[in-house]
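To start, the structure itself, in structure tokens.
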Amino acid sequence: MARHNAVWWRKLVKEVSRGGALKAVAERHGVQAGTLRWWRTEFNRRGREGSVEQAKFLPVVVASVRAKGLEPLGADEGAVDVVVELGAARISLRGGVTAAHVEAIVRGLGGRC
């Protein structure tokens, strides 16, 4: 049996939400009705808790701590502190963090299904 990702299941759940009979949709796509029902419940739960797909990114302002005389002792050139919070997950990064690091973490958290 082929495994499907959350994006694929979301399409089936949308089909059901548009008026398709859950059992008929499941049969047409060759999956168990109970599994489709579970995914519908899971997407509803994620919607209530806030999912990665619904994550809202706030603007970031980067201010030079050196210009304000606030440089911490032993700070490395280009070192930053980044905190990423998505749902119950919270990740703190320190040091030479790049946009690629943050992107990989956010994608990794969003890849759960």
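The values are calculated or read from the model by the stated rules, or taken from the named source; none is laboratory data. Bear in mind the structure is a predicted one, so any value in this text is a computation, not a measurement. Don't worry about glycine lacking a Cβ; one is built from the backbone with ideal geometry, like all the others, and counts go over all protein chains shown.
Regarding THR35, is this residue at pLDDT 75 or above, assigned by TED's automatic domain parsing to the domain that holds LEU12, within 16 Å of HIS4 (Cβ to Cβ) and in a helix (DSSP H, G or I)?
Taking the combined requirement at face value, the residue satisfies it.
Residue-wise test of (1) in a helix (DSSP H, G or I); (2) at pLDDT 75 or above; (3) in contact with a Gly (Cβ under 9 Å, 6 or more places away or on another chain).
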{"residue": "VAL13", "(1), (2), (3)": "yes, yes, no"}
{"residue": "ALA26", "(1), (2), (3)": "yes, yes, yes"}
{"residue": "PHE43", "(1), (2), (3)": "yes, yes, no"}
{"residue": "LEU58", "(1), (2), (3)": "no, no, no"}
{"residue": "LYS68", "(1), (2), (3)": "no, no, no"}
{"residue": "PRO72", "(1), (2), (3)": "no, no, no"}
{"residue": "GLU77", "(1), (2), (3)": "no, no, yes"}
{"residue": "VAL84", "(1), (2), (3)": "no, no, no"}
